[in-house]
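Q: Before I ask anything, here is the structure I am working with.
The values are calculated or read from the model by the stated rules, or taken from the named source; none is laboratory data. In this text, all values refer to a predicted model and were calculated from it rather than measured experimentally. Because the Cβ atoms are built from the backbone with ideal geometry, glycine has one as well, and the counts that use them run over all protein chains shown. Just so you know, the surface numbers come from the protein's heavy atoms only, side chains and all, with ligands and any DNA or RNA stripped out. Shrake-Rupley method; radii C 1.70, N 1.55, O 1.52, S 1.80 Å.
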Amino acid sequence: MALLDSVDWQGNIFKAGRWQPGGAGDYAVLEPATGAELGRMGSASTEDVAEAAAAAAEAQRDWAALPYTARAAVLRKAGDLWLEHADEITGWNIREVGAVPAIAGFALHVAAEECYEAASLPGRPVGELLATEQPRLSMARRVPAGVVTVIAPFNVPIILAIRSVAPALALGNAVLLKPDPRTAVTGGTLLARIFEEAGLPPGLLQMLPGGPEVGEALITDPHVRVISFTGSTVVGRRIGELAGKHLKRAHLELGGNSALLVLDDADVEAAVNLAAWGSFLHQGQICMTTGRHLVADRVYDDFVAGLAEKAGKLPVGDPHLEQVALGPVIDAGQRDKIHGMVSASADQGARVASGGTYEELFYRPTVLADVPLTSPAFAEEVFGPVAPVTRVSSVEDAVRLAGESEYGLSLGIVTKDVMHGLAVAEQIPTGIVHINDQTVNDEAVAPFGGVRASGTGSRFGGAAANVEAFTETRWITMRGEPAQYPF
């Protein structure tokens, strides 16, 4: 049976193990490609948050006390269910998010792998023995943080939710999940249903779509100890400030303006292929999207011509109805932001080599050549299918320009000399580096995160990062006899 057909999810949130109306009513789930209503989604209130957090704290104690094998079994089952319901989940991802089948399939694969990887966490060592001067046993033990808030964005909602939800649950925590209201079925309802079917006890995963006031309540509630946020740098700064005020840990994975360096020995055809994928995949709505192409003078003209030609041939349309390379952007606000940045950059002197136009929410893949360094398309995160290309006269020039950005998420370098590429990468502050690849990559076993305005480091992906993110360290000592003190 389909995941969503077997429960009354329409117009509801998932709180305390039940599908029930949200305190703030409901709203329409819209398809970006057509504007059609796909269903109704419940909207949580701040009162819902308080009730959910209290229920989560109570459920978490029993969950953490279970044998590690019980938690691992739930995560393995969840991984299986992603694959078992692949067609239904992919359909929602395409229609609600606007994802083309390639990105929808990748999200499904990563979701399953995140669950399988998380299933290994409960059985890993939970601490270490420490040296001590005293006649006692001294150890550091990792214990669950308690209740974790996960706030996920619209763009790749499955991956950007599950990569925190799965390890947090596996390590003995309860989770309050706030998906973006625009993609709350794909990024919230489907996750809740997966874990419900996997046998997760009630109260451990609660799904609460809502506005900024719900997000603030999910950060400040006294039961919440850790916040995992993926989204814009502007919002991330506010969340970090609010979490700090309440003495809570916030793991922030934020925006990016990632650079692809095409060195003078690069194969131009290969570099163009990488650049097109890096800038236009999922309409450029990925934090790792290649936002700046820094291209050596020797290959610059051929690179721009090749990328413009490729962009002009990429089909754009409704991924639910036809085979396309790009689907719609998420909404009119995002489309207008993209077009405004393209227009402003052209006004400052950038040449529109391809694209720069749209129909409804379908924005053509756009190549901007000779982009001024002060233009919005170069200096800021566009979050759309735009490839700004800038000529560099030397490797040193490329390193300087790449490193001057406030962001530091992902970096790609194209060169025939891989060791030289690695040496170049060492000079540029960034959380992720790919030699002879574009900037958009993700694996469940790899640490993920950025520096500077891109976030608080690698707190997502990989066993070490997950354990660090979702547990606390407790010092424990034990003596055979009570200690003796002078008074």
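Q: What tally of residues in the range 156-185 results from selecting those that are over 21 Å from G255 (Cβ atoms) and open to solvent by less than 10 Å² (accessible area, probe 1.4 Å)? Can you show your working first?
A: Restricting attention to the range 156-185, the residues satisfying the condition of being over 21 Å from G255 (Cβ atoms) are 165-177, 184-185.
Those still in the list that are open to solvent by less than 10 Å² (accessible area, probe 1.4 Å) too: 165-170, 172-177, 184-185.
So the count comes out to 14.
Q: Another question, then. In the list V424, V440, V395, which residue meets the criterion of being open to solvent by 10 Å² or more (accessible area, probe 1.4 Å) and under 30 Å from A465 (Cβ atoms)?
A: On the way: V424 fails: open to solvent by 10 Å² or more (accessible area, probe 1.4 Å); V395 fails: under 30 Å from A465 (Cβ atoms).
Selected residue: V440, the only one of V424, V440, V395 that is open to solvent by 10 Å² or more (accessible area, probe 1.4 Å) and under 30 Å from A465 (Cβ atoms).
Q: Considering only the range 67-165, give the helices (runs of 4 or more DSSP H) lying wholly within it that have at least 1 residues that are within 16 Å of the chain's Cα centre (by Cα) and within 25 Å of G231 (Cβ to Cβ). Break it down into steps so the answer makes sense when it comes.
A: Details: elements: 68-84, 86-92, 101-119.
Passing ranges, in order: 101-119.
Q: I'm checking my understanding of the structure. Among residues of the range 187-222 that are of a type in the set (G, A, S) and in a loop (DSSP other than H, G, I, E, B), which one is farthest from A59 (Cα to Cα)? Even if it seems obvious, please write down each step before you answer.
A: Of all residues in the range 187-222, those of a type in the set (G, A, S) come to 187-188, 192, 198-199, 203, 210-211, 215, 217.
This time we only want the ones that are in a loop (DSSP other than H, G, I, E, B), so: 198-199, 203, 210-211.
On the way: A198: 16, G199: 14, G203: 6, G210: 23, G211: 26 Å.
Taking the candidates together, the pick is G211.
Q: Between E468, E472, E481, which is open to solvent by 60 Å² or more (accessible area, probe 1.4 Å), in a loop (DSSP other than H, G, I, E, B) and of a type in the set (D, E)?
A: Values: E468 fails: in a loop (DSSP other than H, G, I, E, B); E472 fails: in a loop (DSSP other than H, G, I, E, B).
The conditions single out E481.
Q: On to the next question. Working carefully through the options E468, E443, E481, find the one that is under 16 Å from L160 (Cβ atoms) and either touching a helix residue (DSSP H, G or I) at 6+ places or on another chain (Cβ under 8 Å) or among the charged types (D, E, K, R) (or both). Before you say what the answer is, go through the steps one by one.
A: Working: E468 fails: under 16 Å from L160 (Cβ atoms); E481 fails: under 16 Å from L160 (Cβ atoms).
Selected residue: E443, the only one of E468, E443, E481 that is under 16 Å from L160 (Cβ atoms) and either touching a helix residue (DSSP H, G or I) at 6+ places or on another chain (Cβ under 8 Å) or among the charged types (D, E, K, R) (or both).
Q: Of everything in the range 233-250, what is open to solvent by 20 Å² or more (accessible area, probe 1.4 Å) and either part of a strand (DSSP E or B) or touching a residue at least 40 places away in the same chain (Cβ under 8 Å) (or both)? Give them in sequence order.
A: Listed by number, the residues that qualify are G240, R249, A250.
Q: Moving on. Could you list, ordered by first residue, the pairs with Cβ atoms under 8 Å in which the first is in the range 45-62 and closer than 21 Å to P179 by Cβ and without any contact (Cβ under 8 Å) to a residue 40 or more places away in the chain and the second is open to solvent by 20 Å² or more (accessible area, probe 1.4 Å) and not in a helix (DSSP H, G or I), at least 6 apart or interchain?
A: Here the result reads E47/G23; E51/A16, each pair linking the range 45-62 to a residue that is open to solvent by 20 Å² or more (accessible area, probe 1.4 Å) and not in a helix (DSSP H, G or I).
Q: Name, by its number, the condition in (1) surrounded by fewer than 21 Cβ atoms within 10 Å (Cβ to Cβ); (2) under 16 Å from V224 (Cα atoms) that does not hold for A56.
A: (1)
Q: If only one of R141, R124, R136 is in contact with a helix residue (DSSP H, G or I) (Cβ under 7 Å, 6 or more places away or on another chain), surrounded by fewer than 15 Cβ atoms within 10 Å (Cβ to Cβ), more than 15 Å from F195 (Cα to Cα) and not β-branched (V, I, T), which one is it? Spell out how you get there, then give the answer.
A: Details: R141 fails: in contact with a helix residue (DSSP H, G or I) (Cβ under 7 Å, 6 or more places away or on another chain); R136 fails: in contact with a helix residue (DSSP H, G or I) (Cβ under 7 Å, 6 or more places away or on another chain).
Only one candidate qualifies: R124.
Q: Return the residues of the range 317-345 that are within 24 Å of the chain's Cα centre (by Cα) and either aromatic (F, W, Y) or not in a helix (DSSP H, G or I) (or both); say none if nothing qualifies.
A: D318, P319, H320, V324, A325, L326, G327, P328, V329, I330, D331
Q: Oh, and also: With the requirement that a residue be surrounded by 15 or more Cβ atoms within 10 Å (Cβ to Cβ) and among the charged types (D, E, K, R), what does the range 40-53 give you?
A: Once the filter is applied, which keeps residues that are surrounded by 15 or more Cβ atoms within 10 Å (Cβ to Cβ) and among the charged types (D, E, K, R), the range 40-53 yields R40, D48, E51.
Condition check ((1) crowded, with 22+ Cβ neighbours inside 10 Å; (2) modelled with pLDDT under 95; (3) out of contact with any strand residue (DSSP E or B) (no Cβ under 7 Å at 6 or more places or on another chain)) across all residues:
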| residue | (1), (2), (3) |
| --- | --- |
| D336 | no, no, yes |
| H339 | no, no, no |
| D347 | no, no, yes |
| A350 | yes, no, no |
| R364 | no, no, no |
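Q: Say whether the condition of being of a type in the set (G, A, S), over 26 Å from A56 (Cβ atoms) and free of Cβ contacts under 8 Å to residues at least 40 places away in the same chain is met by at least one residue in the range 119-142.
A: The first filter runs over the range 119-142 and keeps only residues of a type in the set (G, A, S), leaving 119-120, 123, 127, 131, 138, 140.
Still in the list and also over 26 Å from A56 (Cβ atoms): 131, 138, 140.
So of that shortlist, the ones also free of Cβ contacts under 8 Å to residues at least 40 places away in the same chain come out as 131.
Yes, some residue in the range 119-142 is of a type in the set (G, A, S), over 26 Å from A56 (Cβ atoms) and free of Cβ contacts under 8 Å to residues at least 40 places away in the same chain.
Q: In addition: Can L75 be described as hydrophobic (A, V, I, L, M, F, W, C), farther than 30 Å from G480 by Cα, open to solvent by less than 20 Å² (accessible area, probe 1.4 Å) and at pLDDT 95 or above? Please lay out each step first, then the result.
A: Values: hydrophobic (A, V, I, L, M, F, W, C): yes; farther than 30 Å from G480 by Cα: yes; open to solvent by less than 20 Å² (accessible area, probe 1.4 Å): yes; at pLDDT 95 or above: yes.
Answer is yes for this residue.
Q: Kindly evaluate G199 against the criterion of being within 30 Å of E406 (Cα to Cα) and in contact (Cβ under 8 Å) with a residue 12 or more places away in the chain.
A: Criteria not met by G199.
Q: Also, quick follow-up: Return the pair list, or none, for Cβ contacts closer than 7 Å from residues in the range 354-373 that are in contact (Cβ under 8 Å) with a residue 12 or more places away in the chain and under 13 Å from V316 (Cβ atoms) to residues that are open to solvent by 70 Å² or more (accessible area, probe 1.4 Å) and assigned to a loop (DSSP other than H, G, I, E, B), at least 6 apart or on different chains.
A: Matching pairs, first to second residue: R364/T357.
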